[in-house]
Amino acid sequence: MPVSPARAAAFDILLRIEQEDAYASELLHSARYVNLSSADHALATELVMGVLRWRSLLDRRIAEASLQGLEKLDIEVLTALRLGIYQMLYLERIPVRAAIHESVELVKRARKRSAAPFANAVLRTISQRQARGKGVPAIYAVSTTAELAEVSSHPPWLVERWTHDLGLQKTQSICAYDQTVPGTTIRLRDATVEDDLRHEGIGLAPGKLLVSARRVESGDVSRTNAFREGRIAIQDEASQLVAMLIGEGSRILDCCAAPGGKTSVLADHNPQSAIIAADLHPHRARLLRKLVHADNVKVLAADARRLPFVTQFDHVLVDVPCSGTGTLSRNPEIKWRLKPEDFANLESRQLAILQSAMSQVTCGGTVVYSTCSLECEENLGVVEKALSRDKSFRLLDCRGELERLRGQGELVWDDLDSLISGPYLRTIPGVHPCDGFFAAILEKN
């Protein structure tokens, strides 16, 4: 009996994530799986993201039920076991026998037939213990970082960093948010599109941070005419807010621009400005051009550390490549790849990009430096080093820009103090209803 299309897709995607450092969200929306039915695609997504979110807890169950160490298991066998156990622990609507049978069949499908009896035995042992996964509620019942890391399925070293920086309560909120399916947020690009979306069966609620944002409560916006026509953009509210920190100017540069969400915000808010959007990789620059249709945006492939411009800009957005620890609800694979030693290399690269961007700004112009990271080294650490090396810049308080946005009716979040950490903008997943972002505004004297 063949394996169901959803489980086969989930298995193949999880293997590619392990073997190729691919990203789940990109693979799930790739052309290879476009022909899956809506139901199969939804199940494949649930399986992939669920296994990635709860991986360490799944591995603990395997270790308890197996005489073999995890390091001795072929990745195909380990992946099939994780899929089966996730279904048994977290998906009540799936019969246990189906989870076991199809996981064993996945082992055979991967040409590991000799391991099929082992996989069957491990899965049946776990099923007989009849212990469901505790899920998110258990995260708020712990009192130590070690317990929090265990029940929330996060690397202990990462939980310890967050607890040291933010305290246990906020770290619990982050971990709980990471383990929850994030909602879909869109940005409205014209005044009439909301009615059109409702006519296509999309249920919407107001944004919680921004007046131009809507939260999708029902329906698939990616299948609507409005999405295909570019009249809406799927974009987290914190990501939208960062781009809106850029004020008005005649020349604007977005120097790490792909895939183009923030570039599109800049173009919509500055329709008369000349905007240049640059990205290091030519294929990502081509994707950016397809997604951003504004006539006032010029796209090019360029290294942000060695920008090829002679003229200077009024404003520069520097949304640097980062660890992405503020986006683990959408990209849970990151927490299993990231290592403490990675931050030194990230910080060095980010500092080089920021310094290059600072050289492109005219007197009185600003640079907005941003990340989707929660880590101090990538955030204020980079900003402080850049300012210490270039005395022609000063740090502005983000509160002023947030008050401007609220005065213009753009920002609807009441508690500005919660968005501010010193002079910086900082959103925290679970504390705020969005991904974790950091932003700093630097002005050239």
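Every number in this text was worked out from the coordinates using simple rules, so none of it is lab data. Remember, predicted model here, so these are calculated numbers, not experimental data. Cβ atoms come from the backbone with ideal geometry, glycine included; neighbour counts cover every protein chain shown.
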Under the Karplus relation 6.51 cos²θ - 1.76 cosθ + 1.60, θ = phi - 60°, what is the ordered set of whole-Hz ³J(HN,Hα) values for segment 314-321, x standing for Gly and Pro? 6, 9, 10, 9, 10, 8, 6, x
On a 0 to 90 degree scale, rounded to 10, what angle separates helix 398-407 from the longest Cα axis of the chain? 80
What's the ranking of 427-440, 193-206 by average number of surrounding C-beta atoms within 10 Å, highest first? 427-440, 193-206
Put a dot 7 Å past each Cα toward the Cβ at residue 217 and residue 341; how far apart are the dots in nm? 5.1
Using the Kirkwood formula on alpha carbons, the hydrodynamic radius of segment 116-272 in angstrom works out to 19.3
Largest first, please: the extent of the C-alpha atoms of segment 52-149 along each principal axis, to the nearest Å. 44, 31, 21
Taking each pair of different alpha-carbon atoms in the chain once, compute 1/r for the pair, average those values, and report the inverse of that mean as the Kirkwood hydrodynamic radius in Å to one decimal. 23.4
Using 0.36 nm per residue of separation minus the Cα-Cα distance, give me the extension gain between residue 120 and residue 56 in nm, one decimal. 21.0 nm
Tail fraction, Cα-Cα pairs, segment 310-405, threshold 15 Å, whole percent: 64
Normalised alpha carbon radius of gyration of segment 136-178 [divisor 2.2 N^0.38 Å]: 0.93
Between helix 75-90 and the chain, what is the angle of the helix's C-alpha long axis to the longest principal axis, kept within 0 to 90° and rounded to the nearest 10? 90
With 0.36 nm assigned to each residue of separation and the Cα-Cα distance removed, residue 228 to residue 37 gains 66.8 nm
Suppose each label sits 7 Å from its Cα in the direction of the beta carbon; what would the residue 147-residue 388 distance come out to in nanometres? 3.9
Given pairs 72/112; 290/335; 208/290 and cut-off 22 Å on Cα-Cα distance, the over-length ones are 290/335; 208/290
Dipole size in debye (nearest 20) for the chain around its Cα centre, Lys and Arg Cβ +1, Asp and Glu Cβ -1? 1220
Run the dipole for segment 5-128 about the Cα centre, Lys and Arg Cβ at +1, Asp and Glu Cβ at -1, nothing else charged, and hand back the magnitude in debye, nearest 20. 400
What relative contact order, as a whole-number percentage, does segment 157-312 give when Cα pairs under 8 Å and 6 or more residues apart are counted? 16
Give the angle, between 0 and 90 degrees and rounded to the nearest 10, that separates the Cα long axis of helix 380-389 from the longest principal axis of the Cα atoms of the chain. 30
What list of ³J(HN,Hα) values in whole Hz, one per residue of segment 434-442 in order, does the Karplus curve 6.51 cos²θ - 1.76 cosθ + 1.60 (θ = phi - 60°) give from phi, with Gly and Pro shown as x? 6, 5, x, 10, 10, 8, 10, 10, 10
Please list, in chain and number order, the residues 5+ apart from residue 258 or on another chain whose amide H is under 5 Å from its amide H, with Hs placed from the backbone. none
Please list 3J(HN,Hα) in residue order for segment 29-46, calculated via the Karplus relation 6.51 cos²θ - 1.76 cosθ + 1.60 where θ = phi - 60°; whole Hz, with x for glycine and proline. 9, 7, 4, 4, 10, 5, 8, 5, 5, 4, 5, 5, 5, 5, 5, 4, 4, 4
Cut-off under 5 Å, modelled amide H: who pairs with residue 365 long-range: 444
Which one, 86, 369, 33, has the greatest fluctuation when you compute a Gaussian network model over the chain with C-alpha springs under 10 angstrom? 33
Taking R0 as 60 Å and r as the Cβ-Cβ distance between residue 134 and residue 303, the FRET efficiency 1/(1 + (r/R0)^6), rounded to the nearest 0.05, comes to 0.80
Taking the mean number of other Cβ atoms within 10 Å as a proxy for protection, how do you rank 2-8, 263-269, 303-309 from highest to lowest? 263-269, 2-8, 303-309
Stretchable slack from residue 403 to residue 108, in nm (0.36 nm times residue separation minus alpha-carbon distance): 100.2 nm
Rounded to whole angstrom, the alpha-carbon centroid of segment 429-445 lies from that of segment 257-295 at a distance of 21
Report the Cα centroid-to-centroid distance between segment 323-345 and segment 230-247 in angstrom, as an integer. 23
Segment 369-445: radius of gyration and largest Cα-Cα distance (Dmax), Å: 13.1, 37
